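K.L.:
To start, I am sharing the structure in question, which I have written as structure tokens.
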Amino acid sequence: MRLHIIAIGVALYLVLTCIQSFTSEAISSINQGPYINNTDDQENELILSSLAIENQIQKATAILELTSKLPEMRTLPYLNQFSTAHNGIPVNADMQKRQIGKEILSEFPDEFVSFLYLMPNGTVYLLEPYARQQNLSSTDLSHRDYYKGMIETNDTFLGNVITSLSSGRNQAQLIVPVFNNSGSMVGSISSGLNFASYNKILQSINLGNQQRMVLVDSNGTKIADSDKSQPSSILNITHKDNSYRNLQSFKNAAKGEKGVLIEEVNGSNAEIHYRPIKALQNNWVLLLFRSTVTSSIFNPNLGGTSDTTANNPVNTTQNNNITNKPNLNTTLPEQLAPQSINGSTVPKI
């Protein structure tokens, strides 16, 4: 019954947000006009993918926010059973919360891979599946970016990619504060997003053989890839690849801009379409690489067009050693605040 109510609430929320997103996108397209001739397919692919990704994030957010309002979430009756030996409370303690967590994971497998309840200070109270709780190397998660973001904003927050020591896989944590009836925070619920769903979105787009679409977080760490031959985004080896964050197109999109640049990729020029993805308070970035293309690009400053050719810009079997030499910028600025680019490696949970 609880999940039935949550599902109805999520459905209503998504209907409203989808209508708003499509309306805003249509108005934006009309106002901006065509900057790139003969590239409608690429722009449409980017727009449709970005809307699907943002819809996936919004759905996950709605599920956790509605869950946080359940009466069972608003108390911690088994705090006295917390033990570092269990990395939280025992498996048979607070079964109401554990059951809700299990139901969330069972009902929404495309959205979540884990269900975590934290105490107000960032200490683990419980984690489902329980096997993950057993595998934790620490119960103190107060230093995590998602927890810090929630504390700073006092609101729902989506962190960047981390490598979970409970599973050994990459994931991004969505976290929602839980408040009691008096408005005091009693804890928070957090879930790892299922990257497989984001890969599925990009891999369902009908791209040409010489095209590739990649979704990265605001640090430039890969979340999803249209190329199935590339290393999976859940593998922690992918966080060592810093090539995306060196691209000017990535930097522009991380600041909330969208457009197209010609940049050097693996020694050749590539046409890169870029677009920000609204990940709550952060901007993730969607990049579309296009190779062996001759396109007519409108230059608003010159009042004309210039022919640009990109020859073999994307090595479809390797993505390393991308250098940043932009030749042409048709950036379309938006009113989103710049995001910081963190050059450090991905932290571990």
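K.L.:
Which cross-chain or sequence-distant (5 or more) residues have an amide H under 5 Å from the amide H of ILE277, H modelled 1.01 Å from N in plane?
P.N.:
TRP284, VAL285, LEU286
K.L.:
Further question on the same structure: Quick one: 3J(HN,Hα) in Hz for the stretch 217-227, Karplus 6.51/-1.76/1.60 with θ = phi - 60°, rounded, Gly and Pro as x.
P.N.:
In residue order, the calculated couplings are 7, 6, 9, x, 8, 5, 10, 8, 8, 6, 8 Hz.
K.L.:
Turning to a different aspect of this structure: Any idea how far apart GLN203 and ASN121 come out in nm if each label point goes 7 Å out from Cα toward Cβ?
P.N.:
Here the answer is 4.4 nm between the modelled labels.
K.L.:
Towards the positive end of the charge dipole of the stretch 69-193, with charges on Cβ (+1 Lys, Arg; -1 Asp, Glu), say which of PRO71, PRO129, ILE100 has the farthest Cα.
P.N.:
Value computed over the given set: PRO129.
K.L.:
Okay, next question. Would you please classify the overall shape of the stretch 69-193 from the alpha carbon gyration tensor, given that a ≥ b ≥ c denote the square roots of the eigenvalues, rounded means a/c under 1.5, and beyond that prolate means a/b larger than b/c while oblate covers the rest?
P.N.:
rounded
K.L.:
Within the set LYS148/LYS222; LYS97/LYS228; LYS148/LYS228; LYS97/LYS258; LYS59/LYS222; LYS102/LYS251, which residue pairs have Cα atoms separated by over 31 Å?
P.N.:
LYS97/LYS228; LYS148/LYS228; LYS97/LYS258; LYS102/LYS251
Only the coordinates and a few stated rules stand behind these numbers; no lab work does. None of the values given here were measured: they were computed from a predicted structure. Quick reminder, even Gly has a Cβ in these numbers, built from the backbone with ideal geometry, and neighbours come from all protein chains shown.
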